[in-house]
Amino acid sequence: MLRAAELTVGDTFEMVVVDDLTRTQLVQYAGASGDYNPLHTDEVFATKVAGYPSVFAHGMLTMAMTGRMLTDWVGDDRLKRFGARFAQQVWPGDTLTARAEVMELREESGERLVDLAVSTRNQAGAEVLNGYASARVD
């Protein structure tokens, strides 16, 4: 469990959230989410019709994987707020590393909170997601 007394502004936590993203994972996420947009699962549609080099991950799949990094660090049921912007597409074969940085420790309505800057990068170092999160800490 994350404790406020153990944190300082600038602390970071980082983890690989997917190593070599597979097309099967894209299809599994489509089934789990109900988002069957062919850009994510149909190679012919994605390349021939839409003009992309391949199918690509749902933005919300990238956000979900990033969210797992957050809950692994702050603990289950402690995340209060999480928002993100999708900066670039995530392709099959990508390896993603998510990172959170402590921006502020504060108290609100009797709860101790940590505010985090969140970023996820691919194996080339390109940022594919950036955002923010707040979590309850003891």
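The values are calculated or read from the model by the stated rules, or taken from the named source; none is laboratory data. The structure presented is a predicted model; accordingly, all values stated were derived computationally and were not measured. Note: ideal-geometry Cβ built from the backbone for every residue, glycine included; neighbour counts use all protein chains shown. Heavy atoms of the whole protein, side chains included, go into the accessibility calculation; ligands, DNA and RNA do not. Shrake-Rupley method; radii C 1.70, N 1.55, O 1.52, S 1.80 Å.
Got a number for residues in the stretch 1-15 being open to solvent by 80 Å² or more (accessible area, probe 1.4 Å) and touching a helix residue (DSSP H, G or I) at 6+ places or on another chain (Cβ under 9 Å)?
Selection size over the stretch 1-15: 2.
So the check is Cβ under 7 Å with 6+ separation or different chains; which pairs have a first residue in the stretch 5-28 that's acidic (Asp, Glu) and a second one that's open to solvent by less than 80 Å² (accessible area, probe 1.4 Å) and part of a loop (DSSP other than H, G, I, E, B)?
Between residues of the stretch 5-28 that are acidic (Asp, Glu) and residues that are open to solvent by less than 80 Å² (accessible area, probe 1.4 Å) and part of a loop (DSSP other than H, G, I, E, B), the close pairs are Asp19/Thr95; Asp20/Gly93; Asp20/Thr95.
Can you tell me which residue is nearest to Val18 (Cα to Cα) among those in the stretch 113-129 that are surrounded by 17 or more Cβ atoms within 10 Å (Cβ to Cβ) and in contact (Cβ under 8 Å) with a residue 40 or more places away in the chain?
Only one residue tops the list, namely Thr120.
Condition check: open to solvent by 40 Å² or more (accessible area, probe 1.4 Å), within 13 Å of Ala135 (Cα to Cα) and not hydrophobic (A, V, I, L, M, F, W, C). Does Arg106 satisfy that?
Yes; evaluated as a whole, the condition is true for this residue.
Among the residues of the stretch 42-66, how many are within 19 Å of Phe86 (Cα to Cα) and not hydrophobic (A, V, I, L, M, F, W, C)?
7
For the structure I just gave you, tell me whether Arg106 is of a type in the set (Lys, Arg), at pLDDT 95 or above and touching a Leu at 6+ places or on another chain (Cβ under 6 Å).
yes
For Asp72, which of the numbered conditions (1) within 15 Å of Leu2 (Cα to Cα); (2) open to solvent by less than 60 Å² (accessible area, probe 1.4 Å); (3) within 13 Å of the chain's Cα centre (by Cα); (4) among the acidic types (Asp, Glu) fails to hold?
It is condition (2) that Asp72 fails.
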